[in-house]
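**Student:** This is the structure I want to talk about, given as structure tokens.
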Amino acid sequence: MASVVLSEAEKLYIVHGVQEDLRVDGRGCEDYRCAEVETDVVSNTSGSARVKLGHTDILVGVKAEMGTPKLEKPDEGYLEFFVDCSANATPEFEGRGGEELGTEIANTLYRVFSSESSVDLKSLCINPREHCWVLYVDVLLLECGGNLFDAISIAVKAALFNTRIPKVRVLEDEEGSKEIELSDDPYDCIRLNVDDVPCIVTLSKIGYRHVVDATLQEEACSLASLLISVTSKGALTSMKKVGKGSLDPESIFEMMEMGKRVGKSLHIALQKVLDEEESLGTSRQKVGFLG
């Protein structure tokens with residue numbers, strides 16, 4: 001992961017500020033940076049989104065392709081995650097530098113979406129044991145400015161909300177062989193229900209307190225962080241501790257409560273933005289280099 005080098009005086013300044021609930025950029029411990037969310041930014045995908053959270057810039061594309069259901073779940077479709085850490089994001093990702101982080105992020109996403117309630121995978125099944133929709137979720141890190149996991153989870157949820165899957169019919173002839181007929185109408189499609197898709201809230205312990213949406217400088221002062229995936233109803237679906245430091249049980253419970261609280265407000269704000277974008281339809285103005 002991208003990192004910055006800070007002097008002891010700078011670290012002390014950040015830690016003392018956090019203890020007083022005043023961070024370097026003026027935020028409180030529970031405040032997120034201003035986030036920009038834009039959907040339908042890549043034309044040759046089933047759904048896409050771009051999220052800018054401070055200096056962190058994430059692009060997600062979702063591609064729906066027909067595949068064969070897994071043996072253990074013959075009546076469900078499934079999601080596949082791939083994370084590409086662009087060398088433009090930070091020089092540390094050059095060569096094979098970003099592979100390890102990409103694998104870690106992909107594994108975290110698999111874990112977050114392993115809950116059966118997150119996405120209705122049965123709606124992706126076309127013909128049990130034979131055909132289903134496979135959603136390939138490609139994540140591209142364009143810029144790395146701290147708090148990657150949260151920004152990626154927001155972008156993935158926005159891209160899944162924007163995803164449109166063509167409607168198909170299974171036709172059976174007299175001999176019993178089945179044919180799949182794809183709808184000609186591009187607007188005749190199914191949408192995913194993303195109400196229960198969790199967002200990740202990363203809580204970084206700095207000194208005796210913990211903060212959400214840490215910048216690169218704050219991450220350099222934190223020895224341990226807790227990744228919590230929270231649904232819009234405030235339910236915890238998974239938890240993961242990262243970093244070399246330790247967390248005592250009391251801190252973990254405090255972080256969980258704070259994560260639930262912040263996660264619920266994050267979902268409300270995100271859904272409001274997504275509904276506003278949806279209401280604009282094709283008339284909305286495209287911004288950024290993908291416009």
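**Student:** Before we move on, is SER265 among the polar types (S, T, N, Q), out of contact with any Pro (no Cβ under 9 Å at 6 or more places or on another chain) and under 30 Å from GLU8 (Cβ atoms)?
**Tutor:** no
**Student:** Any chance region 162-179 includes a residue that's open to solvent by 80 Å² or more (accessible area, probe 1.4 Å), closer than 30 Å to LEU53 by Cα and touching a residue at least 12 places away in the same chain (Cβ under 8 Å)?
**Tutor:** yes
**Student:** Something else now. Looking only at region 209-230, how many residues end up being β-branched (Val, Ile, Thr) and touching a residue at least 60 places away in the same chain (Cβ under 8 Å)?
**Tutor:** Of the residues in region 209-230, 3 are β-branched (Val, Ile, Thr) and touching a residue at least 60 places away in the same chain (Cβ under 8 Å).
Quick grid of which residues meet (1) among the aliphatic types (A, V, I, L, M); (2) without any contact (Cβ under 8 Å) to a residue 24 or more places away in the chain; (3) assigned to a helix (DSSP H, G or I):
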site	(1), (2), (3)
TYR110	no, no, yes
SER115	no, no, no
VAL134	yes, no, no
GLY145	no, no, no
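**Student:** Which one of LYS244, LYS240, LYS205, LYS260 is without any contact (Cβ under 8 Å) to a residue 24 or more places away in the chain and in contact with a Leu (Cβ under 7 Å, 6 or more places away or on another chain)?
**Tutor:** Answer to the selection: LYS244.
**Student:** Looking at region 1-38, which of the residues that are open to solvent by 50 Å² or more (accessible area, probe 1.4 Å), acidic (Asp, Glu) and touching a helix residue (DSSP H, G or I) at 6+ places or on another chain (Cβ under 8 Å) is nearest to VAL60 (Cα to Cα)?
**Tutor:** The qualifying residue nearest to VAL60 (Cα to Cα) is GLU30.
**Student:** Would you check which residues across region 233-258 are open to solvent by 40 Å² or more (accessible area, probe 1.4 Å) and either in contact with an Asp or Glu (Cβ under 9 Å, 6 or more places away or on another chain) or outside any helix (DSSP H, G or I) (or both) and list them?
**Tutor:** LYS233, ALA235, LEU236, THR237, MET239, LYS240, LYS241, GLY243, LYS244, SER246, ASP248
**Student:** May I pose another question? If I ask for residues that are part of a loop (DSSP other than H, G, I, E, B) and more than 18 Å from SER265 (Cβ to Cβ), which ones from region 1-22 would you list?
**Tutor:** Across region 1-22, the qualifying residues are MET1, ALA2, SER3, VAL4, VAL5, LEU6, SER7, GLU20, LEU22.
**Student:** Among the numbered conditions (1) open to solvent by 70 Å² or more (accessible area, probe 1.4 Å); (2) within 29 Å of GLY234 (Cβ to Cβ); (3) touching a residue at least 40 places away in the same chain (Cβ under 8 Å), tell me where LEU141 comes up short.
**Tutor:** It is condition (1) that LEU141 fails.
**Student:** Considering only residues of region 28-40 that are in a loop (DSSP other than H, G, I, E, B) and either small (Gly, Ala, Ser) or modelled with pLDDT under 90 (or both), which is nearest to LEU79 (Cα to Cα)?
**Tutor:** ASP40
**Student:** Residue under question is VAL119, and the condition is that it be part of a loop (DSSP other than H, G, I, E, B), in contact (Cβ under 8 Å) with a residue 60 or more places away in the chain, of a type in the set (A, V, I, L, M) and in contact with a strand residue (DSSP E or B) (Cβ under 9 Å, 6 or more places away or on another chain); does it hold?
**Tutor:** yes
**Student:** Shifting gears a bit: Mind checking which residues of region 183-194 are assigned to a loop (DSSP other than H, G, I, E, B) and in contact (Cβ under 8 Å) with a residue 60 or more places away in the chain?
**Tutor:** Residues satisfying the conditions are LEU192, ASN193, VAL194.
Residues checked against (1) under 29 Å from THR45 (Cα atoms); (2) modelled with pLDDT of 90 or more:
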position: THR163; (1), (2): yes, yes
position: VAL168; (1), (2): yes, no
position: GLU172; (1), (2): no, no
position: SER183; (1), (2): yes, no
position: ILE200; (1), (2): yes, yes
position: GLY207; (1), (2): no, no
position: SER225; (1), (2): no, yes
position: GLY234; (1), (2): no, no
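**Student:** Of the residues that sit in region 62-84 and are more than 21 Å from LEU160 (Cβ to Cβ) and without any contact (Cβ under 8 Å) to a residue 60 or more places away in the chain, which one is least open to solvent (accessible area, probe 1.4 Å)?
**Tutor:** Result: PRO74.
**Student:** Give the residues of region 195-213 that are part of a loop (DSSP other than H, G, I, E, B) and surrounded by 23 or more Cβ atoms within 10 Å (Cβ to Cβ), sorted by residue number.
**Tutor:** Hits for region 195-213 are VAL197, PRO198, ASP213.
**Student:** Mind counting the residues in region 262-291 that are over 18 Å from the mean Cα position of the chain (by Cα) and either more than 15 Å from GLU38 (Cβ to Cβ) or modelled with pLDDT under 80 (or both)?
**Tutor:** Residues flagged as over 18 Å from the mean Cα position of the chain (by Cα) and either more than 15 Å from GLU38 (Cβ to Cβ) or modelled with pLDDT under 80 (or both) within region 262-291 amount to 12.
The values are calculated or read from the model by the stated rules, or taken from the named source; none is laboratory data. In this text, all values refer to a predicted model and were calculated from it rather than measured experimentally. Because the Cβ atoms are built from the backbone with ideal geometry, glycine has one as well, and the counts that use them run over all protein chains shown. Surface accessibility is based on the protein's heavy atoms, side chains included, excluding ligands, DNA and RNA. Shrake-Rupley method; radii C 1.70, N 1.55, O 1.52, S 1.80 Å.
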